[in-house]
Structure formats: C-alpha cells, structure tokens
1. Please say if the range 1-122 is rounded, prolate or oblate, where rounded means a/c under 1.5 for a ≥ b ≥ c the square roots of the C-alpha gyration tensor eigenvalues, and otherwise the choice is prolate for a/b larger than b/c and oblate otherwise?
2. Taking the chain as a Gaussian network, where each spring joins two C-alpha atoms under 10 Å apart, which residue of Leu205, Leu116, Leu24 fluctuates the most?
3. What number comes out for the charge environment of Asp299, summing +1 per Lys or Arg and -1 per Asp or Glu over other residues with Cβ under 11 Å away?
4. What FRET efficiency do you get for Asp239 and Ala272 if R0 is 45 Å and r is their Cβ-Cβ distance, rounded to the nearest 0.05?
5. What ³J(HN,Hα) values, in whole Hz, does the Karplus curve 6.51 cos²θ - 1.76 cosθ + 1.60 give for the range 242-251 when θ = phi - 60°, with x put for Gly and Pro?
6. Mind putting together the pair-distance distribution for the range 257-339? All Cα pairs, 10 Å bins, whole percent per bin, short to long.
7. Name the most mobile residue of His190, His78, His126, meaning the one with the largest mean-square fluctuation, in a Gaussian network model of the chain with Cα contacts below 10 Å.
8. Quick check for you: which residues of the range 189-211 have the amide N under 19 Å from the point 7 Å beyond the Cα of Asp250 toward its beta carbon?
Amino acid sequence: MHFARFDRVRLAHLPTPLEPMDRLSKALGGPRLWIKRDDCTGVSTGGNKTRKLEFLLGEALAQKADVIITQGATQSNHVRQTAAFCARLGLECHAILEDRTGFDDPDYRLNGNVLLDALHGATIEHVPAGTDMVAACETAAAEFSGKNKTPYIIPGGGSNPTGALGYANCALELVNQANDMGLPISRILHATGSAGTQAGLVAGLRAINAGIPLLGIGVRAPKDKQEANVFALAQATADKLGCPGVVSRDDVVANTDYVGPGYGIPNAATIAAIETFSQLEGLLLDPVYSGKGAAGLIDLVRKGAFADDQNIVFLHTGGSAGLFGYRSFFKEPEIRNLVT
Ligand SMILES: *Cc1c(COP(=O)(O)O)cnc(C)c1O
C-alpha cells in the first residue's frame, strides 16, 4: 500500500495513541482491553471522519472545488468535521441535515454538533426524515454550479473508496504501533455505520496480511445489509489501493445486537456504556455510535466471547460533541438536580 500516491490534506494529528484500559479490563474481568484514540484526531474535537476527510478534501482541492456539500443526521459528527476542514482550508461548506430521530429537544436541534457546524461557518439546510439525501446533495450542487461555483459532494459519513483510504492507512498505523510495543492484537472492535471505517480497516488489514479479525458493532442497518455494504466498499477500496481481491466475504463481520430502538436513539445499555467509560477511564463516548460500540464490547466481554489472555482493541471513533445534544438522556443525580 502506497498512500503517498493519493491526494491528501494533512490535518489529522497522527498517529493517534494506543492505550490500555486497565480499570475497565479489571472491572469486567477477561481479556486486556486497549483503546485506539481516534477521538484525538485533532480537528474540532476529533473523530473518525478526519482520516477520511484528509483524502476526500485532497481530491476536492485537486478538482479545484470551492464549495463542499455533504449530509448527515442532525447530530452528525461527519458534518461537523467536514465544516471544520472547510474552515481550515477556506472552502465554503453546505450541510444538509436529516431529522432522522424526530427529537424536538432544543439541545438536540441546536447544541452539540449543530452548534459547531454553525461556528465553523457552514450553511445548514434541515430536511425531514426519509428525504433522498443523495438527490438533495445533487440538487444543491446544481444550484452552486449555476452560480459559477465548483461543488464537490462528500457522501454521508465520507464513506466511499477515497474516504475509506483513511482507514486502510489506520490499519497500517495500528499494526505498526502494536509491532513496536510487542503487543499481539487478538481482535479489533468499533462502531460501524456508513461502512467506510470498517471497509477501510478490513482492506488495509488484509492488504498487509495482519491476521487480525475485526468486528463492527452496528448502529443502524440489520446485519445482512451492514455486512453487504461493508464488503462492497472494502472490495472497491482494495481495488483503489492496488490490492484487488484481498478481501473475502468472511472477513466482514458485523454484530447488530446493540442498535437499540434505532439510529440515533440510545438505550439503557448505550447510556450505561457511556457512564462506564467516563467513570472508569475518563473517556468520553457518544450516544449514537461509540456508546453503542462500547455497549457491544462490554456485553461480549461479560458473555465470555474473548479469552483472558487476549488483547482486544476498541477503536474509539469519537463523537463526544454529540453528548451535548443528548443531555436529556443522562440521569445522574447532579444533572437532575440542576434541571428540575
Ligand atoms: C460516523 C461514525 C462512526 C461510524 O463510522 P462509519 O465509517 O460511518 O461506519 C462511528 N463512530 C462515530 C463517532 C462516528 O461519527
């Protein structure tokens, strides 16, 4: 894999740390748990979209784009990181936000990532749940073209082969860290949504023949659909990397038992996982993605899915800014006292 062949804007703080979670490991019993800190990628509170955006914005600049159009749910971490990249690069950013949850809490609608989108100067268009978001981006692009602008559309979550390069590169980074530390990794877990993170990791791990299995914890789609989406994108990413055919269908595994009531809606296990990571490790997860991924990790450890001598790496995909949009879901006594 030769990443220097691809256009890229280097804004991420890399490599992100790989750290042990000893208090959590002790509390749960079982394997030793580690965390790969992609919440620390450095752009506007960090997160996994930053690695993808380095390659996507690299391509956009090579195409002389001057306006970036992208989309996501109201509390999208992807949109926030895109808005920050655009601010840093002097590009216009137009974000289309889909009201996927129907929540009318003012914190959800205006705080958290939405506040940051606006602070970074993005223009925001709110659309109802079920809107054809691909068509909405194309319509916006046509309007900008009509005004003599050069738009570049980034798909939801930055998940296409260009964006997924960022996670193929992360696979290389993580395996190099583990090699330097003398740490044999038994498995990697992370939250999977629009598929680019898992697809890039699978392609990268396969291309370097790392022999490390990967488990995506789903946040939206049912298992069959999620795995099919990841597999298709992983194959396309491997092609782009110059390693066609390295990914097989069996390499792509998603567990969708922790989605809860639906995308963007946390359940008791999500909230408990966020509180556990906060209180045992001082780490901030989010209610849409990393909290569900961690709920899966915690439950699987408790069920004995991993041997005691294994090293399990949880990839922290970020999202803490979203906490401020979901304040009403947290019931710590101190918070309750303040709001009642
Ligand atoms: C987008 C996102 C994910 C999911 O990554 P995909 O590449 O969309 O599958 C996980 N965690 C957080 C915090 C995210 O913002």
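1. Judged from the Cα gyration tensor, the range 1-122 comes out oblate (a/c at least 1.5, b/c at or above a/b).
2. It is Leu24.
3. +2
4. Efficiency, rounded to the nearest 0.05: 0.65.
5. Coupling constants for the range 242-251: x, 10, x, x, 6, 9, 10, 4, 5, 6 Hz.
6. In whole percents, the pair-distance histogram is 18, 49, 26, 7, 1.
7. His126
8. 202-211
Here, each number is a calculation from the coordinates, and none is a lab measurement. All values derive from a computational prediction rather than experimental measurement. Glycine gets a Cβ as well: all are built from the backbone with ideal geometry, and neighbour counts include every protein chain shown.
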